[in-house]
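Peer 1: Dropping a structure here in structure tokens format, bear with me for questions.
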Amino acid sequence: GGYIGCKLCCEDTGGEEIEKDEAISEEKEFPGGNNGAGFSGLGMAIQLQRSGISYVILEKANEVGGTWFFNQYPGCACDIPSHLYSFSFEPNPSWSRAYPTQPEILDYLKHCARKYNLYEHIQFNSEVISSTWDSESSKWNIMLQTGQKVEAMLPYQAKECYMYPIIHAFPDLAKFEGKILHTAEWDTSYDLQGKRIGIIGSAASAIQAIPKIAKQAARLFVFQRTPNWVVPKIDGPYSSWAKHLLRVPLCSSILRSLYYWRQESIYFLIFQNPELLSAKLLRGLLKRLIKRQVKDKALAEKLTPSYHVGCKRILISNDFYPALCKENVSVEKEPIARIIPNGIVMDHNGEARTIELDAIAFATGFQVMVGFPPIHGLDKKDLITEVWGSTPAAYLGLTVPGIFSSYW
């Protein structure tokens, strides 16, 4: 995370000065402070810089990128076209395809940080552990894990939510003797080649990882609770002429607008009313897609949702269904009973069925409300645990009553 509009007191909890990063080696007053160096944090910093407002970004990692720095699982990519999933003021004519993978998105963010000289305003390895409003000084007192104290007048929370994994508390998980992975904390040094892998989950990150893992693993078991509607991904490497065309600002702008209105139209055509003809047609087309790509009727039935298109997140992929049809891949719908040292025990109609595994990979999503430091406003109540609880809300998505001059 990071804060914009801060005075860096550079004090530890005892009030003594400590060594500071070179970028903020002097004590300064900053009108703004930004918590996070991902897309939103960098975008906010660039706009503050353009407005002539000094700032500092506090980032827990040692590089920019946020979500795209931490998530490095096989096949990691964005399901929004990058000509739209990028800054409008900093188009990238060099995207290699409509849906680039994680390394290319991270390179784009590094490019933005370099071009706008943001690195000199970022203090890395600086995780915020608490923020408290001081009514006497009319400033926020922010404590870092390093013991450094920061005074902020206008902090901006730009903390990434897609980096804290959900790992379900299966019985005896700690007894598993193999490798445990999660898409949010993937160990890129672990060799999947020839291994027996079990992946728990079949949603957004899973459908990206499964085709890649299936190419390397000796056996891949996909533990699925609920199937998802999957639409084809209109993707592929850009040809040389397309790349030249997209270097023309007008062409790039038109493509971005087309992507935007395509995404917006989904609400009116699909989400607004599942009884609309367009929604029914899409559901029929997606059912036919499953039947065409999955010849095994039992497997096709496992992969066909029973709910309307749009009730859950619609996923995009061209290689998910073909990957599940490989001989070394199987889809498991039975409940997981427990974890044993050498694998997973399934509940097969009341009888135990054991699947031996070398590794268990969790593709079970993120804890979006975890990782926020305590934030105490005017009434000294903690915003996350006492004010929000399980239902976060902010006026216009920007600010919260009682959390004075702190923005999101």
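The values are calculated or read from the model by the stated rules, or taken from the named source; none is laboratory data. Everything quoted here is computed from the prediction, not taken from an experiment. So basically every Cβ, Gly included, is an ideal-geometry build from the backbone, and we count neighbours across all protein chains shown. Surface areas here come from the heavy atoms of the whole protein model, side chains and all, with no ligands, DNA or RNA. Shrake-Rupley method; radii C 1.70, N 1.55, O 1.52, S 1.80 Å.
Peer 1: As a test of the formula, what do you get for the chain when each DSSP H run with n ≥ 4 contributes -39,500 (n - 2.57) and the sum is divided by the residue count, at 222 nm and rounded to the nearest 500 deg cm²/dmol?
Peer 2: Result for the chain, helices only: -7000 deg cm²/dmol.
Peer 1: Something else now. Calculate what fraction, in whole %, of the accessible area of the stretch 33-148 sits on carbon and sulfur atoms when a 1.4 Å probe is rolled over the protein chains.
Peer 2: About 49 percent, which is the carbon plus sulfur part of the accessible surface.
Peer 1: Continuing with this model, one more query. Once you keep just the Cα pairs under 8 angstrom separated by 6 or more residues, what percentage relative contact order results for the stretch 81-161?
Peer 2: Values: 67 pairs, mean separation 12.4, N = 81.
Value for the stretch 81-161: 15 percent.
Peer 1: Further, regarding this structure: Looking only at the chain, where both bridge partners belong to it, what percent of the DSSP beta bridges are antiparallel (to the nearest 5)? Let's see the in-between values first.
Peer 2: Working: 34 of 62 bridges.
The answer is about 55 percent antiparallel.
Peer 1: Output ³J(HN,Hα) for the stretch 305-322: one whole-Hz value per residue in order, computed from phi by the Karplus curve 6.51 cos²θ - 1.76 cosθ + 1.60 with θ = phi - 60°, and x for Gly and Pro.
Peer 2: x, 9, 10, 5, 4, x, 5, 10, 4, 7, 9, 10, 5, 9, 10, 5, 4, x
Peer 1: Would you mind classifying the stretch 304-402 by shape? Square roots of the alpha carbon gyration tensor eigenvalues, ordered a ≥ b ≥ c; an a/c under 1.5 is rounded, otherwise it is prolate if a/b is larger than b/c and oblate if not.
Peer 2: Values: a/c = 3.03, a/b = 1.94, b/c = 1.56.
In terms of gyration-tensor shape, prolate.
Peer 1: Here's a follow-up. Could you tell me whether the stretch 215-342 comes out rounded, prolate or oblate from its Cα gyration tensor? Rule is a ≥ b ≥ c as square roots of the eigenvalues, rounded for a/c under 1.5, then prolate if a/b exceeds b/c, otherwise oblate.
Peer 2: Working: a/c = 2.43, a/b = 1.50, b/c = 1.62.
Verdict is oblate for the stretch 215-342.
Peer 1: Please calculate the 1.4 Å probe accessible area of Arg97, with all protein chains present, and give it to the nearest 10 Å².
Peer 2: Roll a 1.4 Å probe over it and Arg97 shows about 70 Å².
Peer 1: Just want the answer: with Cβ charges of +1 for Lys and Arg and -1 for Asp and Glu, which residue in Val222, Pro322, Cys311 is farthest toward the dipole's positive end in the stretch 198-334?
Peer 2: The listed residue farthest towards the positive side: Pro322.
Peer 1: On to the next question. Just to check I understand the Karplus step: with θ = phi - 60° and J = 6.51 cos²θ - 1.76 cosθ + 1.60, what whole-Hz values come out for the stretch 133-142, glycine and proline as x?
Peer 2: Rounded to whole hertz, the list is 6, 10, 5, 5, 8, 6, 9, 9, 9, 10.
Peer 1: By how many degrees, 0 to 90 and rounded to 10, does the Cα axis of helix 277-293 deviate from the longest principal axis of the chain?
Peer 2: Between the helix axis and the principal axis of the chain, the angle is about 60 degrees.
Peer 1: While we're here: Kirkwood Rh over Cα pairs of the stretch 111-184 into Stokes-Einstein at 10 °C, 1.306 mPa s: D in µm²/s?
Peer 2: 97 µm²/s
Peer 1: Going by a ≥ b ≥ c, the root eigenvalues of the Cα gyration tensor, does the stretch 143-276 fall in the rounded group (a/c under 1.5), the prolate group (a/b larger than b/c) or the oblate group? Walk me through the numbers before you get to the answer.
Peer 2: Values: a/c = 1.68, a/b = 1.22, b/c = 1.38.
Verdict is oblate for the stretch 143-276.
Peer 1: Sticking with this one: Mind jotting down a quarter of the surface of the convex hull over the alpha carbons of the chain, in square nanometres, one decimal? Walk me through the numbers before you get to the answer.
Peer 2: Values: hull surface 94.5 nm².
Reported value for the Cα convex hull: 23.6 nm².
Peer 1: Please work out how much accessible surface Trp68 shows to a 1.4 Å probe, ignoring ligands, DNA and RNA, in Å² rounded to 10.
Peer 2: Trp68 exposes around 20 Å² with every protein chain in place.
Peer 1: Right, something else. With the full set of protein chains in place, find how many percent of the accessible area of the stretch 287-389 is carbon and sulfur; take the probe as 1.4 Å. Show your work: numbers first, answer last.
Peer 2: On the way: 2730 of 5440 Å².
In the stretch 287-389, the share of accessible area belonging to carbon and sulfur is 50 percent.
Peer 1: On to the next question. Leaving ligands, DNA and RNA out of it, report the carbon-plus-sulfur percent of the accessible area of the stretch 230-271 at a 1.4 Å probe. Could the numbers behind the result be given before it?
Peer 2: Working: 2180 of 3050 Å².
Roughly 72 percent of what the probe reaches on the stretch 230-271 is carbon or sulfur.
Peer 1: Using Cα pairs under 8 angstrom and six or more residues apart, how large is the relative contact order of the chain, in percent? Walk me through the numbers before you get to the answer.
Peer 2: Details: 839 pairs, mean separation 83.1, N = 408.
The normalised contact order for the chain reaches 20 percent.
Peer 1: Please state the relative contact order of the stretch 150-271 as a whole percent: Cα pairs under 8 Å, 6+ residues apart? Spell out each step's value before the answer.
Peer 2: On the way: 66 pairs, mean separation 20.5, N = 122.
That works out to 17 percent.
Peer 1: I'd like to check one number: the per residue accessible area of the chain, probe 1.4 Å, reported in Å² as a whole number.
Peer 2: Per residue, the chain has an accessible area of 49 Å².
Peer 1: Val222 accessible area, nearest 10 Å², 1.4 Å probe?
Peer 2: For Val222, the solvent-accessible surface is approximately 0 Å².
Peer 1: If you don't mind, another one. Could you please state, rounded to a whole Å, how far the C-alpha centre of the stretch 113-187 is from the C-alpha centre of the stretch 274-292?
Peer 2: After rounding, the separation between the Cα centres reads 42 Å.
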